[in-house]
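> Before I ask anything, here is the structure I am working with.
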Amino acid sequence: MHNLDTLTVHAGEEKKKPYGALSMPIVQTSTYAFTDTADLIAFMEDKQAGRKPAHGEYGRYGNPAQSVAEQRLAILEGAEDALLLASGMAAITGTLLTFLSAGDHYIVTDDCYRRTRQFSQTFAARMGIECTIVPIDEPQTLEAAIRPNTKLIFTESPTNPFLRVVDLQALTAIAHAHNLLSIVDTTFGTPFNIQPISLGIDLVIHSATKYLGGHNDLLSGVVIGQKETIDQIRELQAMMGAIPDPHNTFLLLRGLKTLALRIERQNKSGQALAEFLEGHDHIKQVWYPGLTSHPDYETASRIMTGFGGVVSFELDTDAAGARRFIDALQIPYIGPSLGGVESIVEQPALMSHFGLSADERQCLGITDELVRYAAGIEATKDLIADIAQALTAI
Ligand code: PLP
């Protein structure tokens, strides 16, 4: 078994590829053709017997680059199989809809991605599926929320925007004791910083749009786990059609090749930015799991090997001062998303939580002065110098 650094470059890929190409070619086809009926029958027999057919059948059931990306991602997470989907949300909703039916109940931890919460509270409810949202750091409340019809626990770690880190060991102990499926979205973690399968989690989900793709130029999602479990989600994907595009998948494979280098830089910048900000006069509070002041520092140090490139902080100013700070930054783009080579900054109050009432935002701790900074791969020193000069604009 090689290091993750080597596996991100090579895993799942044959050395000998069509036309002697070194990089995995883009097979831009919606369908696959058979030379004659004997070829078709051989294909169907292979498929029925669970053998790998020589080529595909129809684009909604897979693509050569998709299979390579799935194998690579499964290997990186130490799992049997993976399924690539059109986006992170397709992975989340596809997984939940596979394992939940009308009359079922599931548990979601709070501070998770806004659309995951929205799906659980609106769409799932419409289908007769009940959901309880529990505090991220209260395993006893989580256990108390389990009912006879509870099917699964869905969590996210680290979270957005407060970088809360769930004690996945405590969570999986509860899930196993009650025979529940455990699912974690570790988009903010990546396999370099956390290995949830080794902590007992059944299914790992990523918005591959973020660190895995890494270049702010694709949308993709993946769910990773045991083959038998993944096969069930694959069956739903074949009906729902949220499939990855061949060109997107090529970009994902290319992005993955530099994941180790990018994460090394982003972990370093995240920690350095957090330490710089924590000591600054214009900063009220910093949230970064690599700081001893973070509420989950102990958990993060136990189950993570790096803390990522996202740092959230509250400026010691008012809404207008926060806007002056953001507008004075010269390096990061202002926008949603994270994990790419370009740094991105946002004020959750004006982006992900825009339109919520002041009371709703207060409940979630989203103030006008809260900033989420997602470091790219630019020089750490440059990012800090840029933030330092922008702080003088407050
Ligand atoms: N999960 C997390 C933690 C996210 O930050 C996002 C961001 O958009 C998603 C899921 C959804 O992923 P996508 O945008 O690829 O659908």
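Please treat every number below as a calculation from the coordinates, not as lab data. Bear in mind that the values here come from a model prediction, so they are computed numbers and not experimental data. In this analysis, Cβ positions are derived from the backbone assuming ideal geometry, glycine residues included, and neighbour counts consider all displayed protein chains.
> For the chain, with a Gaussian network of springs between Cα atoms less than 10 Å apart, report the residue from Met240, Met89, Met304 with the top mean-square fluctuation.
Met240
> Here's another thing I want to ask about it. May I ask which of Lys17/Lys47; Lys210/Lys257; Lys151/Lys210 have a Cα-Cα span longer than 20 Å here?
From Lys17/Lys47; Lys210/Lys257; Lys151/Lys210, over 20 Å: Lys17/Lys47; Lys151/Lys210.
> Evaluate the relative contact order of the chain (contact order divided by residue number), counting alpha-carbon pairs under 8 angstrom at least 6 apart; express in whole percent.
Relative contact order, the chain: 16 percent.
> OK, next. Of Asp318, Asp167, Asp296, which is the most mobile in a GNM of the chain whose springs link Cα atoms less than 10 angstrom apart?
Largest GNM mean-square fluctuation: Asp318.
> Would you please give the residues with an amide H less than 5 Å from that of Gln285, counting only those at least 5 places away or on a separate chain, with H modeled from the backbone geometry?
Glu314
> May I pose another question? Quick one: putting +1 on the C-beta of Lys and Arg, -1 on the C-beta of Asp and Glu, what dipole do you get for the chain around its Cα centre, in Debye to the nearest 20?
Here the size comes out at about 800 debye.
> Please report how far the C-alpha centroid of the range 329-367 lies from that of the range 112-184, rounded to the nearest whole angstrom.
24
> If you don't mind, another one. Mind sorting Lys16, Lys151, Lys210, Lys47 by how few other Cβ atoms lie within 10 Å of their own Cβ, fewest first?
In order of increasing Cβ crowding within 10 Å: Lys16, Lys47, Lys151, Lys210.
> At q = 0.07 Å⁻¹, what log₁₀ I(q)/I(0) does a Debye calculation on the Cα points of the chain give, no solvent, two decimals?
Cα-only, vacuum Debye calculation for the chain: -0.33.
> In which sequence would Phe276, Phe354 go, from the one with the fewest C-beta neighbours within 10 Å to the one with the most?
So the ranking, lowest neighbour count to highest, is Phe354, Phe276.
> When the Cα centres of the range 23-75 and the range 244-278 are compared, how far apart do they sit, in Å?
Using only Cα atoms, the two centres lie 30 Å from each other.
> Okay, moving on. With springs only between Cα atoms under 10 Å apart, run a GNM on the chain and tell me which of Ala349, Ala144, Ala65 wobbles the most.
Of Ala349, Ala144, Ala65, the most mobile in the Gaussian network model is Ala144.
> Still on this structure, I have one more. For the chain, what does -39500 (n - 2.57) per DSSP helix run (n ≥ 4), summed and divided by total residues, give at 222 nm, in deg cm²/dmol to the nearest 500?
Taken over the chain, the calculation gives -11000 deg cm²/dmol.
> Among all the aspartates and glutamates, which ones have a C-alpha under 15 Å from Lys284's C-alpha, if same-chain residues fewer than 8 places away are not counted?
Counting by Cα, and skipping residues close in sequence, Lys284 has these aspartates and glutamates nearby: Glu275, Glu314, Asp316, Asp318, Asp368, Glu369.
> How about the range 1-87: which GluC sites (Glu not before Pro) there lie in a loop by DSSP and see at most 11 other Cβ atoms within 10 Å?
Within the range 1-87, the qualifying GluC sites (Glu not before Pro) (loop, at most 11 other Cβ atoms within 10 Å) are Glu14.
> Could you put Ser198, Ser120 in order, starting from the residue whose Cβ has the fewest other Cβ atoms within 10 Å?
Least crowded to most crowded, the residues run Ser198, Ser120.
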